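Q: Can you keep this structure in mind? I'll have questions shortly.
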Amino acid sequence: MRKHKYKEIPQYGVKYRPLTIGEVGIDGCIIGGEKLFLHQRDYVHLMAIFDSMNITKVGLQIKCPTCKELIKFGLNKNAIMVDEFEDQVFGDDIKISVRPYTTGTEMIPDLIEFVVIDGEQIPWSDCKESEKEAVLNSIDYNVFKTINSALEQPAAVANIPVRCSCGYNQIVSLRGLEAFLKVV
């Protein structure tokens, strides 16, 4: 059996190896992955896919909407970045701080780090059940929508400028693991 060398991603403090045939998930390929958020895990997954195929660039093409010519361009592994989660508090009277998804299946109560009530910051784990219920009941539709939007924001991204010979310019954007898996 071939041994793969682990590569390090210093900003996340993890090491990964290329995927092997038959591997379903990325978890067995990451050392230190338990501390990664979902969007960071997706980035590591993409790096492992590129390394497993032993490539640094994948060829893509789009049809020019102006002249209908096929425009060929490439997605470079190094052009993939991570749009990180922005720490912020949500709410009006009662403020809520959440952390990003770890698995993608968590509900908002599972992601709450702390609440701010009357200017006092209280860790969510220290709140009584009655306090947690009051906090959750204080989340109106607009706050809920804002929290959900913030949770969907972090992702692996690539913005690739594309130019056609007819002069047409476009930036092709890939966002999220699913978008990258369609082209890699």
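Q: Based on other C-beta atoms within 10 Å, arrange Thr56, Thr105 from fewest to most. Spell out each step's value before the answer.
A: Values: Thr56 12, Thr105 8.
Lowest to highest Cβ neighbour count: Thr105, Thr56.
Q: What's the exposure ranking of Arg41, Arg99, going from fewest to most Cβ atoms within 10 Å?
A: Numbers: Arg41 25, Arg99 14.
Exposure proxy ranking, most exposed first: Arg99, Arg41.
Q: Then there's this: Hey, what did the chain get for relative contact order, percent, Cα under 8 Å, at least 6 apart? Let's see the in-between values first.
A: Values: 257 pairs, mean separation 36.9, N = 184.
So the answer I get is 20 percent.
Q: Turning to a different aspect of this structure: Can you sort Val24, Val172 so the residue with the fewest Cβ neighbours within 10 Å comes first?
A: Least to most surrounded, the residues fall as Val24, Val172.
Q: Follow-up. Show the residues, 5+ positions off or on another chain, whose built amide H is closer than 5 Å to the amide H of Tyr12.
A: Those lying under 5 Å, H to H, from Tyr12: there are none.
Q: Once you place label points 7 Å from the Cα toward the Cβ at Asp93 and Lys145, how far apart are they in nm?
A: 2.1
Q: Counting pairs of alpha carbon atoms under 8 Å apart in space and at least six apart in sequence, what relative contact order in percent does region 89-152 give?
A: Numbers: 60 pairs, mean separation 19.4, N = 64.
Normalised by residue count, the contact order of region 89-152 is 30 percent.
Q: What number comes out for the charge environment of Ala155, summing +1 per Lys or Arg and -1 per Asp or Glu over other residues with Cβ under 14 Å away? Provide the component values of the computation, followed by the final result.
A: On the way: positive: Arg41, Arg175; negative: Asp42, Asp83, Glu84, Glu86, Glu152, Glu178.
With Lys, Arg at +1 and Asp, Glu at -1, the net is -4.
None of the figures in this text is laboratory data; all of them are computed from the coordinates on show. These numbers were taken from a predicted model, which means no experiment stands behind them. Positions of Cβ are backbone-derived with ideal geometry, glycine not excepted, and every protein chain shown enters the neighbour counts.
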